[in-house]
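Below is one structure, written out as structure tokens; the observations come after it.
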Amino acid sequence: MKAMSRLVLWIISNEPEGRVLACSDSQSLQNDIANASEETYEVGAKLSQVKGNVVIQWVPGHMDVPGNEAADMAAKETASQTISAGLTGRRSELC
């Protein structure tokens, strides 16, 4: 949830253009956001402030997948860098 909250804050701060695709391996997080649970109220409220279109898509995690450690290290390295990409959209949407 912390990563999704940080992503939404980044989107609000940077106002990227076009659709933003947020991939998560947490089906429960996606369901909680879609159902406006108490745990995800803050993230949902922040998503409603986004001027563009945010798509949250579930992707399988890497448990029991060859190369998992390498993928985790690459993800952590990328997450630690400041990324400025030309992405945005119009409204929040879950898929």
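Any read-out appearing in this document is the output of simple, stated calculations on the displayed coordinates, not a laboratory observation. All values reported here derive from a predicted model rather than from experimental measurement. All Cβ positions, even for glycine, are placed from backbone atoms using ideal geometry, and neighbour counts span all protein chains on display.
Of everything in segment 58-76 that's among the aliphatic types (A, V, I, L, M) and in a loop (DSSP other than H, G, I, E, B), which residue is surrounded by the fewest Cβ atoms within 10 Å (Cβ to Cβ)? Residue satisfying both the conditions and the ranking: MET63.
So that you can scan it fast, the table gives a plain yes or no per residue for (1) more than 21 Å from GLN81 (Cβ to Cβ); (2) more than 12 Å from the chain's Cα centre (by Cα):
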site	(1), (2)
SER5	no, no
VAL8	no, no
ASN35	yes, yes
GLU39	yes, yes
TRP58	yes, no
GLY61	yes, yes
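Note on segment 1-51: residues that are more than 20 Å from ASP72 (Cβ to Cβ), surrounded by 18 or more Cβ atoms within 10 Å (Cβ to Cβ) and either without any contact (Cβ under 8 Å) to a residue 40 or more places away in the chain or touching an Asp or Glu at 6+ places or on another chain (Cβ under 8 Å) (or both) total 2.
Can you name the residue in segment 33-57 that is in a loop (DSSP other than H, G, I, E, B) and not hydroxyl-bearing (Ser, Thr, Tyr) and, of all such residues, is farthest from TRP10 (Cα to Cα)? Ranking the qualifying residues of segment 33-57, first place goes to ASN35.
Report the residue count in segment 20-32 for those that are in a helix (DSSP H, G or I) and among the aliphatic types (A, V, I, L, M). Result for segment 20-32: 1. Of all residues in segment 68-81, those that are over 20 Å from LEU7 (Cα atoms) have Cβ atoms under 7 Å from Cβ atoms of residues that are surrounded by 10 or more Cβ atoms within 10 Å (Cβ to Cβ), 6 or more apart or on another chain, in ASN68/HIS62.
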